[in-house]
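The values are calculated or read from the model by the stated rules, or taken from the named source; none is laboratory data. Keep in mind it's a predicted model, so treat the numbers as computed, not measured. Here Cβ is always computed from backbone atoms with ideal geometry, including for glycine, and neighbour counts include all displayed protein chains.
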Amino acid sequence: MSDSIPPSTSAPQWENLLQPLSLKAVAPFGSELALSWSDSLEQFLSLEMLRRACPCAVCCGEPDVMGRGDAPSRKYKPGSFELKGYEFIGGYGLKLSWADGHATGIFSYTLLRSLK
């Protein structure tokens with residue numbers, strides 16, 4: 001009698017589940033940004049929503065040592081919601097550049113996936 005358990009043909013592919021999430025492709029599409037992920041999910045995110053969700057300190061404020069902070073009031077102007085470019089940051093984020101000159105926000109992949 002063998003002590004080994006035969007492999008199951010219906011066993012999950014654990015290697016695939018352990019792979020880090022990555023962004024495969026990015027493309028502006030009208031007033032949206034199309035994102036294609038390594039797990040085959042495709043997202044279409046509104047450019048205005050992305051700009052309003054910018055995670056940078058200029059947009060969100062900087063927390064004090066206790067984690068508290070007040071977000072500054074944001075003022076948008078012509079070009080605030082017009083995407084001029086993007087840049088992959090390491091293997092974890094996407095930096096968006098806007099027509100009004102704002103380009104300090106790095107959207108982590110986790111943040112992007114949470115947006116709808």
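Being at pLDDT 95 or above and surrounded by fewer than 15 Cβ atoms within 10 Å (Cβ to Cβ) narrows it down to one of GLU48, GLU32, so name that one. Walk me through how you get there before you give the answer.
Details: GLU32 fails: surrounded by fewer than 15 Cβ atoms within 10 Å (Cβ to Cβ).
When all the criteria are applied, what remains is GLU48.
Of the residues in region 88-100, at least one is loosely packed, with under 12 Cβ neighbours inside 10 Å and either modelled with pLDDT of 95 or more or closer than 24 Å to PRO20 by Cα (or both). Among residues of region 40-52 that are farther than 15 Å from SER97 by Cα, those with a beta-carbon under 8 Å from a residue that is hydroxyl-bearing (Ser, Thr, Tyr) at least six positions away or on a different chain give the pairs GLU42/SER36. Scanning region 23-39 for residues that are in contact with a Ser or Thr (Cβ under 9 Å, 6 or more places away or on another chain) and of a type in the set (A, V, I, L, M, F, W, C) turns up LEU23, ALA25, VAL26, ALA27, LEU33, TRP37. For LYS116, the criteria (1) modelled with pLDDT of 95 or more; (2) within 19 Å of LEU23 (Cα to Cα) hold in every case but one, which is (1).
For region 76-115, a residue qualifies if it is more than 11 Å from ARG51 (Cβ to Cβ), in a loop (DSSP other than H, G, I, E, B) and touching a residue at least 24 places away in the same chain (Cβ under 8 Å), and the qualifying residues are GLY91, THR104, LEU115.
Out of region 1-23, which residues are surrounded by 12 or more Cβ atoms within 10 Å (Cβ to Cβ) and either at pLDDT 95 or above or assigned to a loop (DSSP other than H, G, I, E, B) (or both)? If the condition is that a residue be surrounded by 12 or more Cβ atoms within 10 Å (Cβ to Cβ) and either at pLDDT 95 or above or assigned to a loop (DSSP other than H, G, I, E, B) (or both), then LEU21, SER22 are the ones that fit. Here is a check on your reading of the model: is SER80 closer than 19 Å to LEU115 by Cβ, at pLDDT below 95 and of a type outside the set (A, V, I, L, M)? No. Which condition from (1) in a loop (DSSP other than H, G, I, E, B); (2) surrounded by fewer than 13 Cβ atoms within 10 Å (Cβ to Cβ) is the one that CYS54 breaks? The failed condition is (2). Check region 59-75 and report whether any residue there is in a strand (DSSP E or B), among the charged types (D, E, K, R), over 15 Å from SER31 (Cβ atoms) and without any contact (Cβ under 8 Å) to a residue 24 or more places away in the chain. No.
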